[in-house]
Amino acid sequence: SVLQVHIVYLGHSHGQDPLLTTKLHLKLLSSVFSRQEEAEEAMVYSYRHGFSGFAAMLNSTQASTLASFQGVISVFRSKLLQLHTTRSWDFMGLSLNTQQRIPLQSDYGNDIVVGIFDTGIWPESDSFKEEPGMPPVPASWRGTCVKGDKFEPKKACNRKLVGARYYLNGFEREFGPLDTSGDGEYRSPRDRIGHGTHTASTAAGSTTANASYFGLGLGAARGGAPRARLAVYKVCWFKDLDGKCTEADVLAAFDDALCDGVSVISASLGSSPPLMPFFRTSTDIGSFHAAQVGVTVVFSAGNDGPDPSLVQNVSPWSICVAAGTMDRTFPTRIVLGNNLFFMGEGFVRKEMKMKLVDSIKFFDDGSCSFDKWNHKLATGKIVLCFSSIGQVSSTTAALSVLAANGSGIIFAQTTTEQAATDDYLPSVQVDLSQATQILYYIQSSKDPTVRVLPSRTSIGCSPAPSVAYFSSRGPNSATPNILKPDITAPGVNVLAAWSPKSSPTLLPFDERSVNWNFDSGTSMSCPHVSGIVALVKSVHPTWSPAMIKSSLMTTAYARDTSSDSILAGGTLKPTDAFDMGAGHVDPLRAVDPGLVYDMGARDYVVFLCSLRYTQAQIKSMLLPSPGVDTSCGGGESDLDLNYPAITVSDLSCSTTIRRTLRNVGRITNAVYFASVRSPQGVHAVVWPRLLLFSRRKERITYYVTMIPLKRSQGRYDFGEIVWCDGHHRVRTPLIVHVNTTKDGGSSSSSLGRLQVA
């Protein structure tokens, strides 16, 4: 039968000699082959540092046989993961202006190495030059820069870029030899696509003056933690105009990164639902072992919005980031022949004055798509296209008009999806009501013309943030009692470094080369949070990943720059926790959260028990630590995981949940008061209402009782619990799905059972 790359996961490496671990892997693999040489040939990777397991070419029978062996936790096929493809720091309050300079970015981060799992790096970019006065590489760093095609470690690496590795075995077993011919890939950490360079410079790029995209968005570009170090792990490769990443390669990168000594891992990749169980997914296994050794892992939520339940990367031990907009727009003025004018958005570089035509002239049914083109030429004309006809994107419309030899497009988009994009052909986005008036002008004029002026950069004139329409939404389809996404950060038109080898649009005929590029996606919001994690970790080196995540979530805000509720892109309605998680990240408040929710080894045991793992399996997955009880009582629920959000996916009767807060504020004798906003149709009571912290009492447990007051089924309602000491506001989202109708259709699964106190 067919041989495919499978991953065999065995749990923790338990500090064994790596060579001995690999020998054991080979011995286990040999048991399903007739000769040891065949097993050696089949082995793709031996994971032996951060955890224990291996990747190998197996048929389905061999995979099933290995899965039945004692000590094997899971065997799964290595899937393909997709990439989730600079004003943002000022927008979040971290300003470069010297009068109001905030020391957070300039004083912290030297001791932190951020690991980026992506398409590699363009080391010559100004973003990766050493910051002035950068001290030597931290002594804790054990990683390296690997030599490869057009990548010379002595030249490429410095005190900023301290590590660079690449992983190809999984990719080549899947797709055959890497194509390095012509404009192909580099067999090295060098970035052919641009995506990895963009995410690395967003997370921890050095401060660079005069960054812009053809003059737009001009300003100083910098990463979230400009003083932090970068280590890149190239796991995604250029194929079919996109980046492809295999799970076998991603797991190999986790194995090395945890041994190298990174403090944060940023991975803007994932795969759309259905979601696999946690320990049958490389990203969840890698991030689980990272959390145990104090490494925070940040993932993107995915770009499958605005439909619900499509959020990816939902493990409770990692951070999942949604994408939001910024208060920067690119207004582009359109003047019609009758002097009516409209303001659209675009990246138009030169003024255009030409004939204006409705798409129906060149496309059957008027949908601007190549397969509808009637082969008439649109030479010297700007074409009006509607997204609502044929459900086309602005890029599809622009390329279709380009095929008809048109000079530009005006693209009608719903207001909630409007954002400037570089579609190669000059394009301006307008909303449907503006476009309708433009269409009336075309229909009523004998010789319709239009003048499009160059785009400008405008800051602070539009309310922000809103959640991007493409950002993947909750609820979590694997463990509905765990809120995902966790947090929102900027992910629309983020300006960051780019690979000059790659065109800004990635289109094969786009011959432009840029050092900076605008890109959108949860791929862009993920490294914003990774940079903030690096700052928080540098200020609080002893904090666990759970404490850092809690500090981001409980201090996040849910109001935009006009003090109104944040809008959910893709709709005209306010956001809820399934759109934005706990809210939009606020780096300055995250450094001083007052109280945090921590999670230790026992918390993870309880969670794994609720997923029905056996005690033996749990023991083999956990880092051995003295005094940790690894037993399961049988009644564990993921509702009691000490998570910074409370989600009850099936409330059918009065239910009590507990949470424990830890005081990390400067004042030891702190007093916090609770205020509760109950979800609609639920009475939520917090006890005690007052928390008195002292030197002897650093941690306090509180209880929340939720009583359903309505007959309901299939509907989520949202509230919050806020603890306040007069200075800190510790906010916890409260999300409840009341299910009190008789025939029920209960959504409770074996993954999350309610406990009634």
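The values are calculated or read from the model by the stated rules, or taken from the named source; none is laboratory data. Computed from a predicted model, the values in this text were never measured in an experiment. Using ideal geometry, Cβ is built from the backbone for each residue, glycine included, and neighbour counts are taken over all protein chains shown. Ligands, DNA and RNA are excluded from the accessible area calculation, which covers all protein heavy atoms including side chains. Shrake-Rupley method; radii C 1.70, N 1.55, O 1.52, S 1.80 Å.
At-a-glance table
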read-out: For the stretch 625-694, diffusion coefficient by Stokes-Einstein and Kirkwood Rh (Cα), 25 °C, 0.890 mPa s, µm²/s; value: 160 µm²/s
read-out: Farthest positive-ward along the chain dipole, Cα basis, beta-carbon charges - from Val2, Thr705, Gln437; value: Thr705
read-out: Cα pair distances in the stretch 505-584, grouped into 5 Å bins until the bin that holds the longest one, percent each; value: 3, 11, 15, 18, 15, 13, 11, 9, 5, 1, 0
read-out: Protection-proxy order for peptides 552-562, 123-133, each taking the mean of Cβ atoms within 10 Å per residue, highest first; value: 552-562, 123-133
read-out: Sequence ranges 10-16, 475-481, 35-41, ranked by mean other-Cβ count within 10 angstrom, highest first; value: 475-481, 10-16, 35-41
read-out: Test item: Cα-centred dipole of the chain, Lys/Arg +1 and Asp/Glu -1 on Cβ, debye; value: 1280 debye
read-out: Segment Arg159-Gln615, length gained on full extension (0.36 nm per residue, minus Cα span); value: 159.7 nm
read-out: Cα centroid separation, the stretch 240-283 to the stretch 502-528 (Å); value: 21 Å
read-out: For the chain, accessible area per residue (1.4 Å probe, heavy atoms of protein chains only), Å²; value: 38 Å²
read-out: Cα centroid separation, the stretch 114-142 to the stretch 617-637 (Å); value: 38 Å
read-out: Peptide ranges 672-678, 407-413 listed from the most packed, as the mean C-beta count within 10 angstrom indicates; value: 407-413, 672-678
read-out: Dipole moment magnitude, nearest 20 debye, the stretch 538-633 about Cα centre, only Lys, Arg, Asp, Glu C-beta charged; value: 320 debye
read-out: Residues of the stretch 660-690 with amide N under 11 Å of a point placed 7 Å along Cα→Cβ from Tyr703; value: 686-688
read-out: Cα-based shape type of the stretch 334-457, given that a ≥ b ≥ c are square roots of the gyration tensor eigenvalues and the cut on a/c is 1.5; value: rounded
read-out: Candidate lysines for bridging to Lys150, where Cα separation is under 20 Å - those fewer than 8 sequence places away on the same chain excluded; value: Lys129, Lys160, Lys234, Lys239, Lys501
read-out: Cβ-based charge dipole, the chain, positive-most Cα from Ile360, Asn642, Gly474; value: Asn642
read-out: The chain, accessible surface, carbon-and-sulfur percent (1.4 angstrom probe); value: 52 percent
read-out: Pair-distance profile P(r), taking every C-alpha pair of the stretch 252-332, with 5 angstrom steps and integer %; value: 3, 14, 24, 20, 15, 10, 7, 4, 2, 1, 0
read-out: Local electrostatic count, Pro448, Cβ distance below 9 Å [Lys/Arg +1, Asp/Glu -1]; value: 0
read-out: Chain lengthening between Asn405 and Arg696 when straightened (0.36 nm per residue, less Cα-Cα); value: 97.2 nm
read-out: Across the chain: Cys residues that no other cysteine approaches within a C-beta distance under 4.7 Å; value: Cys259, Cys320, Cys461, Cys526, Cys653, Cys724
read-out: Estimated translational D of the stretch 668-708 in µm²/s (Stokes, Kirkwood radius over Cα pairs; 25 °C; 0.890 mPa s); value: 213 µm²/s
read-out: Compactness relative to 2.2 N^0.38 Å, alpha carbon Rg of the chain; value: 0.97
read-out: The stretch 170-325 shape via C-alpha gyration tensor axes, a/c threshold 1.5; value: rounded
read-out: Relative contact order computed over the stretch 605-735 (Cα-Cα under 8 Å; 6+ residues apart), in percent; value: 24 percent
read-out: Charge tally in the Cβ shell below 13 Å around Leu595, where Lys, Arg are +1 and Asp, Glu are -1, Leu595 excluded; value: +4
read-out: Charge context of Ala546, other residues only, Cβ under 9 angstrom, K/R +1, D/E -1; value: -1
read-out: Qualifying trypsin sites (Lys or Arg not before Pro) for the stretch 335-433 [loop in DSSP, other Cβ within 10 Å: at most 16]; value: Arg349, Lys350, Lys376
read-out: Qualifying aspartates and glutamates (Cα of each under 12 Å from Cα of Lys484; at least 8 residues distant if same chain); value: Asp576, Asp579
read-out: Above-threshold pairs, the threshold being 25 Å between Cα atoms, out of Lys355/Lys376; Lys549/Lys573; Lys353/Lys446; Lys381/Lys446; Lys23/Lys244; value: Lys549/Lys573; Lys23/Lys244
